[in-house]
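Undergrad: Okay, here's the structure, questions in a sec.
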């Protein structure tokens, strides 16, 4: 069983913060001793809180992600984390180009290895709800598998 999990998306302000929070909630409920974190491949949002719609959808499901702050992945992350979970194919490609070894797509845990799409590509708030549900299903399956 891995001792540390890193969730990675593009900017670390919408998808990966949700995945991090859901995984931490699962680990806490199951008494699993895991280090769980998230980050982005890009640097545009470093230091920012998750976007308001991600905070909103998380809150609607009993999670508070407002304290999280975006950060960019670095080489030390690739050495430290036992399991790296990306949200889409572009993230997978970018991490493999950095030399990541133990990297998998979150969609492999419930959505036939599909990308978990960026909610900004959907009109309005509905995209965040759809993406939250995808992440919830996949994170639950992932955490159940590694338990």
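Undergrad: Rg and Dmax of the stretch 4-146, using alpha carbons, in Å: what are they?
TA: Rg then Dmax for the stretch 4-146, in Å: 13.6, 38.
Undergrad: In addition: Could you give the distance between the Cα centres of the stretch 1-32 and the stretch 57-94, to the whole Å?
TA: 7 Å
Undergrad: Top mean-square fluctuation among 110, 99, 31, Gaussian network model of the chain, C-alpha springs under 10 Å?
TA: Judging by the Gaussian network model, the answer is 31.
Undergrad: Counting alpha carbon pairs within less than 8 Å and at least 6 residues apart, what relative contact order, in whole percent, applies to the chain?
TA: Normalised by residue count, the contact order of the chain is 28 percent.
Undergrad: Each label point is 7 Å from the Cα along the Cα-to-Cβ direction; what then is the distance between the points at residue 89 and residue 74, in nm?
TA: 3.2 nm
No value in this document is a laboratory result; all are computed from the given coordinates. Keep in mind the model is a prediction, meaning the values are calculated, not measured. Note that each Cβ is placed from the backbone with ideal geometry, even for glycine, and that neighbours are counted across all protein chains shown.
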